[in-house]
Amino acid sequence: MGAVHLEQCARCLGCFLRTEDFSHLVDSEESGQHLQVSSFVPTDGRALPRQTLLALVRCPHCPREMDRARFDQRAEIVIDVCATHGMWLDAGELPMILDYLRARHTGHITQSAAAREENAHWDRVEQSLANEARIVDSHIANATPQKSGSAAGVIVATAALGPWAGLFVALRNMNKR
């Protein structure tokens with residue numbers, strides 16, 4: 001496929017790309033040089049059995065079982081990777097990756113349900129931290145200045161044990177008044 005060398009299995013229609021070829025493929029797509037991959041899509045209507053797609057794959061260049069990884073943090077595409085030689089793409093995954101790269105390049109990536117749920121979780125965490133910060137700020141605003149010795153205790157506790165320990169010491173000092 002142009003300067004990219006692919007090895008395709010005639011039985012399952014999956015393909016293997018060496019790491020450097022895959023990098024070239026990604027660079028080509030991101031620079032706007034769209035590659036045609038119609039010969040790597042099953043056109044005869046046959047579908048692969050689900051267990052074939054879920055089976056672990058061995059690298060065609062070494063006997064090592066390949067690792068599974070997400071193609072990209074936001075992509076739902078899972079590929080098989082040999083850290084030494086390259087990656088195995090099941091039938092239909094190459095066009096999906098190219099479509100994803102085009103969408104990412106244009107900024108039109110749609111988030112998966114899992115990604116939306118994760119973002120909502122982190123939004124709740126950020127909101128909780130912001131609420132805690134407002135509570136601490138209100139306590140600090142309502143506090144009267146302490147003697148320099150107690151401020152030193154807060155600094156030492158914060159430096160030695162972290163910000164929560166410093167906050168605890170500061171609140172304890174406020175209650176002693």
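The values are calculated or read from the model by the stated rules, or taken from the named source; none is laboratory data. Since the structure is predicted, the reported quantities are computational estimates derived from the model, not experimental observations. For neighbour counting, all protein chains shown are included, and Cβ atoms are generated from backbone atoms with ideal geometry for every residue, glycine included.
Here residue 51 meets the list (1) modelled with pLDDT under 85; (2) in contact with a strand residue (DSSP E or B) (Cβ under 8 Å, 6 or more places away or on another chain) almost entirely, failing just condition (2). Taking first residues from region 55-67 that are of a type in the set (Val, Ile, Thr) and partners that are assigned to a loop (DSSP other than H, G, I, E, B), the Cβ contacts under 9 Å between residues at least 6 apart in sequence or on separate chains come to 57/14; 57/66; 57/90.
Residue count for region 15-25 under the criterion of being surrounded by 15 or more Cβ atoms within 10 Å (Cβ to Cβ) and within 18 Å of residue 100 (Cα to Cα): the result is 6. Report yes if residue 172 is of a type outside the set (S, T, N, Q), surrounded by 12 or more Cβ atoms within 10 Å (Cβ to Cβ), out of contact with any strand residue (DSSP E or B) (no Cβ under 7 Å at 6 or more places or on another chain) and at pLDDT 80 or above, otherwise no. It is true that residue 172 is of a type outside the set (S, T, N, Q), surrounded by 12 or more Cβ atoms within 10 Å (Cβ to Cβ), out of contact with any strand residue (DSSP E or B) (no Cβ under 7 Å at 6 or more places or on another chain) and at pLDDT 80 or above.
The number of residues in region 1-14 that are touching a Leu at 6+ places or on another chain (Cβ under 7 Å) and loosely packed, with under 14 Cβ neighbours inside 10 Å comes to 1. Taking the listed residues 129, 94, the one that is outside any loop (DSSP other than H, G, I, E, B), of a type outside the set (Phe, Trp, Tyr), at pLDDT 85 or above and in the same structural domain as residue 14 (by TED's automatic domain parsing) is 94, with no other qualifying.
For residue 26, state whether it is of a type in the set (Val, Ile, Thr), outside any helix (DSSP H, G or I), in contact with a Leu (Cβ under 9 Å, 6 or more places away or on another chain) and at pLDDT 65 or above. No; evaluated as a whole, the condition is false for this residue.
None of 105, 61 is within 21 Å of residue 20 (Cβ to Cβ), surrounded by 13 or more Cβ atoms within 10 Å (Cβ to Cβ) and at pLDDT below 80 except 105. Of 157, 114, all but one fail to be at pLDDT 75 or above and not in a loop (DSSP other than H, G, I, E, B); the exception is 157.
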